[in-house]
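The values are calculated or read from the model by the stated rules, or taken from the named source; none is laboratory data. None of the values given here were measured: they were computed from a predicted structure. For neighbour counting, all protein chains shown are included, and Cβ atoms are generated from backbone atoms with ideal geometry for every residue, glycine included. Note: areas computed on protein heavy atoms with side chains; ligands, DNA, RNA excluded. Shrake-Rupley method; radii C 1.70, N 1.55, O 1.52, S 1.80 Å.
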Amino acid sequence: MAVPLCHVDDIPEGSARGFTLQGTRLFAARNHSKIFIYLNRCPHLGIALDWEPDSFLDPEGLYIRCANHGAFFEIDTGNCIQGPCVGDALWSVDYRIMNGMLMIDEAELPESPRPA
Ligand code: FES
(Lines give C-alpha, C1' and ligand atoms only; values in the text may rest on other atoms or scores of the structure.)
Protein backbone atom coordinates (compact mmCIF):
# COMPACT_ATOMS: atom_id res chain seq x y z
CA MET A 1 0.00 0.00 0.00
CA ALA A 2 1.29 3.44 -0.91
CA VAL A 3 1.53 5.86 2.00
CA PRO A 4 2.19 9.61 1.94
CA LEU A 5 5.58 10.78 3.15
CA CYS A 6 5.14 14.55 2.87
CA HIS A 7 4.24 17.26 0.39
CA VAL A 8 6.85 18.05 -2.28
CA ASP A 9 6.96 21.63 -0.96
CA ASP A 10 8.18 20.30 2.40
CA ILE A 11 11.56 19.57 0.73
CA PRO A 12 12.83 22.95 -0.55
CA GLU A 13 15.72 23.12 -3.03
CA GLY A 14 19.06 22.29 -1.38
CA SER A 15 17.48 20.69 1.69
CA ALA A 16 16.72 17.24 3.05
CA ARG A 17 14.34 15.75 5.58
CA GLY A 18 14.33 12.47 7.45
CA PHE A 19 11.40 10.11 8.02
CA THR A 20 10.66 6.76 9.62
CA LEU A 21 8.31 4.45 7.77
CA GLN A 22 7.42 1.07 9.25
CA GLY A 23 10.55 1.27 11.38
CA THR A 24 12.72 2.03 8.34
CA ARG A 25 14.64 5.28 8.42
CA LEU A 26 14.87 7.17 5.14
CA PHE A 27 15.35 10.70 3.91
CA ALA A 28 14.35 12.85 0.98
CA ALA A 29 16.65 15.45 -0.61
CA ARG A 30 15.99 17.92 -3.39
CA ASN A 31 18.55 18.79 -6.03
CA HIS A 32 17.89 20.81 -9.21
CA SER A 33 14.14 20.68 -8.52
CA LYS A 34 14.08 16.88 -8.36
CA ILE A 35 13.53 14.89 -5.18
CA PHE A 36 15.54 11.78 -4.36
CA ILE A 37 14.75 9.36 -1.54
CA TYR A 38 17.28 7.03 0.09
CA LEU A 39 17.50 4.78 3.10
CA ASN A 40 19.15 6.59 5.99
CA ARG A 41 21.86 3.98 6.18
CA CYS A 42 25.49 4.32 5.21
CA PRO A 43 26.51 1.52 2.83
CA HIS A 44 29.78 0.79 4.61
CA LEU A 45 28.71 0.53 8.29
CA GLY A 46 24.95 0.39 8.01
CA ILE A 47 24.45 3.26 10.46
CA ALA A 48 22.40 6.45 10.08
CA LEU A 49 23.99 9.31 8.14
CA ASP A 50 22.73 12.14 10.37
CA TRP A 51 23.68 13.15 13.90
CA GLU A 52 21.08 15.89 14.09
CA PRO A 53 17.54 15.60 12.68
CA ASP A 54 17.28 16.44 8.97
CA SER A 55 21.02 17.20 8.75
CA PHE A 56 21.89 15.15 5.67
CA LEU A 57 23.56 17.67 3.35
CA ASP A 58 26.81 19.62 3.32
CA PRO A 59 26.52 23.35 4.19
CA GLU A 60 26.10 24.30 0.51
CA GLY A 61 23.36 21.71 -0.02
CA LEU A 62 25.27 20.15 -2.90
CA TYR A 63 26.07 16.69 -1.49
CA ILE A 64 24.70 14.18 0.99
CA ARG A 65 27.17 13.90 3.84
CA CYS A 66 27.72 11.17 6.41
CA ALA A 67 28.00 12.98 9.74
CA ASN A 68 30.06 10.11 11.16
CA HIS A 69 33.01 10.11 8.78
CA GLY A 70 32.40 13.01 6.39
CA ALA A 71 31.79 10.83 3.35
CA PHE A 72 30.14 12.63 0.44
CA PHE A 73 27.43 11.19 -1.80
CA GLU A 74 25.91 12.65 -4.96
CA ILE A 75 22.31 13.70 -4.31
CA ASP A 76 21.03 12.55 -7.69
CA THR A 77 22.71 9.12 -7.77
CA GLY A 78 23.51 8.25 -4.15
CA ASN A 79 27.03 7.32 -5.25
CA CYS A 80 29.76 7.85 -2.67
CA ILE A 81 32.44 10.09 -4.20
CA GLN A 82 34.61 10.69 -1.13
CA GLY A 83 35.11 8.75 2.09
CA PRO A 84 35.38 5.13 3.21
CA CYS A 85 32.61 3.87 0.94
CA VAL A 86 33.79 5.28 -2.42
CA GLY A 87 32.40 3.08 -5.18
CA ASP A 88 29.35 2.12 -3.17
CA ALA A 89 25.98 3.89 -3.12
CA LEU A 90 23.06 4.70 -0.90
CA TRP A 91 20.00 2.49 -1.30
CA SER A 92 17.42 4.44 -3.31
CA VAL A 93 13.70 4.26 -2.58
CA ASP A 94 11.14 4.56 -5.40
CA TYR A 95 8.28 6.98 -5.02
CA ARG A 96 5.56 8.63 -7.03
CA ILE A 97 3.82 11.96 -6.65
CA MET A 98 0.06 12.07 -6.14
CA ASN A 99 -1.68 15.42 -5.63
CA GLY A 100 1.65 16.93 -4.63
CA MET A 101 2.37 14.24 -2.03
CA LEU A 102 5.40 11.96 -2.14
CA MET A 103 3.96 8.45 -2.02
CA ILE A 104 5.95 5.36 -1.08
CA ASP A 105 4.81 1.79 -1.46
CA GLU A 106 5.72 0.18 1.87
CA ALA A 107 6.09 -3.20 0.17
CA GLU A 108 8.83 -1.71 -2.03
CA LEU A 109 11.03 -0.52 0.85
CA PRO A 110 14.45 -2.13 0.61
CA GLU A 111 15.02 -4.42 3.59
CA SER A 112 18.77 -4.82 3.68
CA PRO A 113 21.77 -2.74 2.68
CA ARG A 114 23.31 -3.26 -0.70
CA PRO A 115 26.27 -5.61 -0.35
CA ALA A 116 29.64 -3.84 -0.48
S1 FES B 1 29.28 5.44 8.36
FE2 FES B 1 29.86 5.21 6.30
S3 FES B 1 30.96 6.96 5.77
FE4 FES B 1 30.42 7.19 7.83
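Accessible area per residue for region 2-108, computed on protein heavy atoms with a 1.4 Å probe, is 51 Å².
How large is the dipole of the chain about the Cα centre if only Lys and Arg carry +1 and Asp and Glu carry -1, each at its Cβ, rounded to the nearest 20 debye? Can you show the working numbers first?
On the way: 8 positive and 16 negative charges, 29 e Å.
Dipole size: approximately 140 debye.
Along the axis of the charge dipole computed for region 2-108 (Cβ charges of +1 for Lys and Arg, -1 for Asp and Glu, origin at the Cα centre), the listed residues Met103, Ile37, Gln82 are led at the positive end by Gln82. A full extension of the chain between Glu52 and Ser33 corresponds to an added length of 4.4 nm, given 0.36 nm per residue minus the alpha carbon distance.
Considering all projection directions equally, how large on average is the shadow of the alpha-carbon convex hull of the chain, in square nanometres? Mind showing how you got there, number by number?
Numbers: hull surface 26.4 nm².
The directionally averaged projection comes out at 6.6 nm².
At 1.4 Å probe size, with the rest of the protein present, what percent of the exposed accessible area of the chain is carbon and sulfur atoms?
Numbers: 3060 of 6270 Å².
Its accessible area is 49 percent carbon and sulfur atoms.
Each of the GluC sites (Glu not before Pro) that DSSP puts in a loop and that has at most 16 other Cβ atoms within 10 Å breaks the chain; the longest unbroken stretch is 61-110.
Tell me the chymotrypsin sites (Phe, Trp or Tyr not before Pro) within region 13-116 that lie in a loop according to DSSP and have at most 16 other beta-carbon atoms within 10 Å. Working shown, then result.
Values: sites: Phe19, Phe27, Phe36, Tyr38, Trp51, Phe56, Tyr63, Phe72, Phe73, Trp91, Tyr95; in loops: Trp51, Phe56, Trp91, Tyr95.
Of the chymotrypsin sites (Phe, Trp or Tyr not before Pro), the ones in loops of region 13-116 whose Cβ has at most 16 other Cβ atoms within 10 Å are Trp51.
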